[in-house]
Amino acid sequence: MKQPSKTSADVRNLLEFMFRLGQALLGCGEQTAKVELILRRTASAYGMRRSRVVVFPTALFISVTVDEEERVTFAEGPTQALRLDQIADVYLLSDAAQQGDVPPKEGISRLSEIYDKRARFGPFGVIVGHTILTVGLAMILTTAAESIAATGVLGAVVGLFKVFNRNRAVFAVPLPVISATIVSVLVFLAVKMGFPLDPRCAIIPPLVSFLPGGMLTLGMVELAYGDMVSGASRLISGFVQLLLLAFGLAAGAMIVGYQPGDLVDTSIELASSGLTPAVPWLPWVGVLVFGLGAYIHFSAPCNSLLWMLLVLLVTFATEQTAAELIGNTNVSGFFAMLIVTPLGYLIQLRFRGPPAIVTFLPSFWLLVPGALGLLSVTSMFSDRDAGIDGLIDAIFALVSIALGSLVGASIYKWLTETFGWWQLQIGRVERYIRRK
């Protein structure tokens, strides 16, 4: 472990490296408690035995003690969202930092390189990948060829918007609202012209990358850990994002001449008319298509595609099995995350796969707790009772997913500690036998 001299320049570089690493980890969607732990371990790895770290989703406070003198720094939260390949690089760098294997000044340069890293598939890959993942999610939600084809076109449109918005921070906030409005206008215009589209199945897939399902679930996890400020702020931020998306959908419907309640009414009419015959294998193909699209659109690491597909298939299979056995889809996410969370850590730590969060995030998007909330909030524009009931169902879904993640991580920790203990005992026995 490296022990750099504690000069003023070294301390300044270390503090800057720590807060920039914290910003990057928050941009990856990591829990604030885990970010605090990583930064404290980083300080210890560079000889700072007394360090204090407080992290919120939008701010970091770090202090280290050098020769009985306390040095303090603070910084704002994440400066930009990161792709899956950037997330993998950040976690590799954080592992090296916790071992003291990278000089702080070099770590700062590597973080800048990660932020400036270009998408592996370029702007065209962003559009194509978003189209593919939209079609995959539509195949899971419906078997109607018209709706699947329509979602592919809408996914390409939203992908174009996202490419246009790159490096334009001023459009980052209104982009989801604008995208939801245009998607809603196009869908309801097609319905008005007589196309047999299910609005719910056509509207949700193109907007899936804007749905705050991961943020809402992470907020529930942090509340369960006792991080009330971080958990509550993430939940409020996610709910506001749902409101903005719902506002865009309602505005688009009214522009065409519909009311927000028509989103549900039209879907019920189409479902009862028998337009979508059952195709048992189609959702499974949709899972694979969705995983491929997420791999391309979010520029996942080179070695992650097969792992992502494996985790997605396990997530979908577990969720479907639990829903069949229990008869309640709101709690099926618990069993999915109960299996998927240990699997993600197992892939990362035992099989040298991508970081667990790279395989987790597509699973969160597949479970789509944000879609439930979006439909519930949209329904409140026309039927408050139905909207509130749907919102309660969405909350149960979020709680079940968060609880499944917590229990799954605890099970994996217990298994690894137990397995590691047995490995240690076996090693001792083997060494004893060799000495004899």
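Every read-out reported here was derived from the displayed coordinates using simple, explicitly stated rules and does not represent laboratory data. Fair warning: this is a prediction, and the values are worked out from it, not measured in the lab. Virtual Cβ from ideal backbone geometry, glycine too; neighbours counted across all protein chains shown.
Near Arg120: Cβ cut-off under 15 Å, other residues only, Lys/Arg at +1 and Asp/Glu at -1. The net charge is 0. Applying the Karplus relation 6.51 cos²θ - 1.76 cosθ + 1.60 with θ = phi - 60° to the range 147-154 yields 3J(HN,Hα) values of 5, 5, 5, 5, 5, x, 5, 5 Hz, where x marks Gly and Pro.
Positive contributions from Lys and Arg (+1) and negative ones from Asp and Glu (-1), summed over other residues with Cβ under 14 Å from the Cβ of Pro205, come out at -1.
If I take R0 = 25 Å and measure r between the Cβ atoms of Ile255 and Met193 in this structure, what FRET efficiency does the formula 1/(1 + (r/R0)^6) give, to the nearest 0.05?
On the way: r = 15 Å, r/R0 = 0.59.
Efficiency at R0 = 25 Å is approximately 0.95.
For Ala59, nonlocal amide neighbours, meaning residues 5 or more places apart or on other chains whose placed amide H falls under 5 Å from its own, are Gly77.
Can you give the percent of C-alpha pairs in the range 8-116 whose distance is more than 26 Å? Summing the P(r) tail past 26 Å for the range 8-116 gives 8 percent. The mean of 1/r over all pairs of different alpha-carbon atoms in the range 83-185, once inverted, gives a Kirkwood hydrodynamic radius of 16.2 Å.
Computing FRET efficiency as 1/(1 + (r/R0)^6) for Glu70 and Ala232, where r is the C-beta to C-beta distance and R0 is 22 Å, gives about 0.15. Using the Karplus relation 6.51 cos²θ - 1.76 cosθ + 1.60 with θ = phi - 60°, the per-residue 3J(HN,Hα) values for the range 106-122 come to 5, x, 4, 5, 5, 5, 4, 5, 5, 5, 8, 5, 7, 4, 4, 9, x Hz, with x marking Gly and Pro. The range 296-339 has equivalent-ellipsoid semi-axes of 26, 9, 8 Å, by the square roots of 5 times the alpha carbon gyration tensor eigenvalues, sorted largest first. The equivalent ellipsoid of the range 16-78 has semi-axes of 20, 11, 9 Å, largest first, where each one is the square root of 5 times an eigenvalue of the Cα gyration tensor.
Scalar couplings 3J(HN,Hα) for the range 15-24, obtained by applying the Karplus form with A = 6.51, B = -1.76, C = 1.60 to θ = phi - 60°, are 4, 5, 4, 5, 6, 5, 5, x, 4, 5 Hz; x denotes Gly and Pro.
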